[in-house]
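Okay, structure first, notes after.
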Amino acid sequence: MPKLPRVIESFKLRSIQTIITFSFTLMTVLVVIAVSIMLYNKFTKTAEENAYLNIQQIIEQVNYHLELYVKGMQDIYEVVEQQINDTPDISSPVLREQLTTLLHTREDLVSVGLFTPEGKLVVDIPALEMRKNTMLEEQSWFESAHARPQKLSFSPPHIQNLYKGQYKWVVSLSRMIKYKDQGTIKEGILLVDVNFRTIDELSRKVSLGKRGYAYIIDDLGNIVYHPQQQLIYAGLKYDNIEATLEYAYGSYIDKPTGEPRYITIRTVEPINWKIVGVAYPDEIVTTKKDLNQFIFWFLVVVCAAVVVLAMFVSAKISQPLRRLEKSVQSVGQGDFSTPIHVSGAHEVVQLSKRFNFMLHRIRQLMDQIIHEQEAKRKSELDVLQSQINPHFLYNTLNSVVRLAEKGKKEEIVATITSLSKFFRISLSKGKNIITLEEELEHVRHYLIIQKIRFKNKFNYAIECEQEALSCMTLKLILQPIVENAIHHGIEKMSDEGFIRIAACIKEERLVIQVSDNGLGMSRQVMEQLLSGGIRSGGSGVGVKNVNERIRLYYGKAYGLRFESELEEGTTVTIMLPVEKNDDEQPDWGMS
């Protein structure tokens, strides 16, 4: 149990260190998390913006190349048309040679054809046999030329089916033009078929993540190019083409199937095709995932470093407190002499200084208390003597008067002699501590006087080991006990009483026993004697005073102990420490 307070104090210090570590770690981690969240939001937003900007730039680049290619096709068409316009006769071999040369110089140029508004072939480069039942008039390029004769029309990609042996995937450019046939100006539809391969290659090179892609539609919503066109036609994939027709230029988030997709639209001038880029945000913003992992491991490393740093800092902070705690434990164990020297923080240094000042004050107060207790013991002894001496002297002198009246000179001499020696030892030159030998002599003279006074109603015996005679003791501790034995134990007896005083050294303690064969006492009376509820006879000084003086001077381990049985007698045991006076050389026997 005595170790429990130290365990509690040590636990409190560890708790302080834990609180410092936890608080420092929590504060730092919260700050790091807050900063990480702000940086994460900033970086992810920037990453998203950069990713979307990159997609827009890719689509812009494709759009730019397509517009260049379309411009190139327009230029070719214009060249073919110009050559036809400049030729005086459409059947001229020179024209045919020029168009053939042009066809050979451009790999993407598939064929050139001139048809009458009724669909009859006028010029074909290269010269190939036409298919029958081509339904020329129903083809989109032919209808567009009729519907918008002044505007160059671009058809959606299709398989060329005009000539036998030709199965190329082409885009047809058509418009109504004028040509000369044997001096007559006629109208016709000029058709230039351009290989779709170049447009397909430009579109296929678009990479918008693992699943992202780009497709092209015309101004009516017809698919010009789609990397998953077969899936679209089979109904296994869906693109919200209707929504893209509302935009000529721009970007937006679309969720046709629930999954968000980033849509970017650009228009190819002048043919009004739309390039639509489709990207998936969870793929294009790969930096976001990388940043998530980085921040996670960053927080793990920071937390570990902060915990280690916090433990180190808290240990440094609590170290002076631990030294102070050890010093406080020493003080708690009764060591008030060692000052505390604690270095560290200003507050801890000030605390140690205040603690040293408190120790100094405690030592002063303890010295003051000791001095006051000494004065109190002296005053109590003086009071004791002042109570004993007048009363005892009064009774003794009364006895001497009665003896003188009866002419008992020997008893008067014995009484006066014992009385003088009794008071001589009581004075003891002002000393509070005397030898056991002197204390026994004092009580012996008291017993002589009382025996004469009570007309030999009792006898007594004093026994003491030779070694115990030189032991030191408080004076006037036996007389109140013997007085109590006479008045409470023997005075009311019809038989002769006997008082025995024995002293010895037992288990390194001075043990003095005062026994009588009187009436005895109950436990309640014994308790009242020690508490002051019942005072000793004659003098009015209780054994409580004796017990308190012994415990006050020697400590709570010493004092009086009563043993009593009714009609059998009482034994009072006095326990004192063994303290020798080397200057004393006792040499007298007990009677």
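Annotations for the structure displayed:
- Average accessible surface area per residue within region 123-216, 1.4 Å rolling probe, Å²: 51 Å²
- Distance from the C-alpha centroid of region 397-445 to that of region 12-82: 115 Å, rounded to the whole angstrom.
- Residue 163 - accessible surface, heavy atoms, 1.4 Å probe, Å² rounded to 10: 0 Å²
- Spin-label model, residue 463 to residue 531: label points 7 Å out along the Cα-to-beta-carbon direction sit 3.5 nm apart.
- Tail fraction, Cα-Cα pairs, region 135-190, threshold 18 Å, whole percent: 40 percent
- Placed amide H near residue 189: partners under 5 Å, 5+ positions off or other chain: 115, 116, 177
- Distribution of pairwise C-alpha distances over region 69-151, 10 Å bins, in %: 15, 47, 37, 2
- Candidate residues 102, 53: accessible-area rank, largest first, probe 1.4 Å: 53, 102
- Exposure check, 1.4 Å probe, all protein chains in place: residue 308 carries approximately 100 Å² of accessible surface.
- Where 23, 36 fall by accessible area, highest first, once all protein chains stay in place (1.4 Å): 23, 36
- Each peptide in 475-485, 141-151 receives the mean, over its residues, of other Cβ atoms within 10 Å, and ordering these scores from highest gives 475-485, 141-151.
- Amide H contacts of residue 208 (H built 1.01 Å from N, in plane; Pro and chain starts excluded): 213 sit under 5 Å, all sequence-distant by 5 or more or on other chains.
- Based on alpha-carbon atoms, the Kirkwood radius and the radius of gyration of region 43-104 give Rg/Rh equal to 1.45.
- Scanning residues 5 or more positions from residue 268 or on other chains, those with amide H under 5 Å from its amide H are 273, 274, 275, with H placed 1.01 Å from N in the peptide plane.
- Straightening the chain between residue 366 and residue 53 buys 104.2 nm, computed as 0.36 nm per residue apart minus the Cα-Cα spacing.
- Apportionment of accessible area to carbon and sulfur, region 185-225, percent (1.4 Å): 46 percent
- Annotation: residue 453 carries an accessible surface of approximately 70 Å², with a 1.4 Å probe and no ligand, DNA or RNA atoms counted.
- Unit Cα scatterers, Debye sum, region 164-246: log10 I(q)/I(0) for q = 0.14 Å⁻¹: -0.68
- Ranking by accessible area, most exposed first, for 420, 314, 92, 494 with a 1.4 Å probe: 494, 420, 92, 314
- Ellipsoid equivalent to region 197-299 - semi-axes via the Cα gyration tensor, in Å: 29, 14, 14
The values are calculated or read from the model by the stated rules, or taken from the named source; none is laboratory data. Keep in mind that what you see is a predicted model, and the values were worked out from it rather than measured. Reconstructed Cβ throughout: ideal geometry from the backbone, glycine too, with neighbour counts over all protein chains shown. Keep in mind that these areas ignore ligands, DNA and RNA; they rest on the heavy atoms of the full protein, side chains included. Shrake-Rupley method; radii C 1.70, N 1.55, O 1.52, S 1.80 Å.
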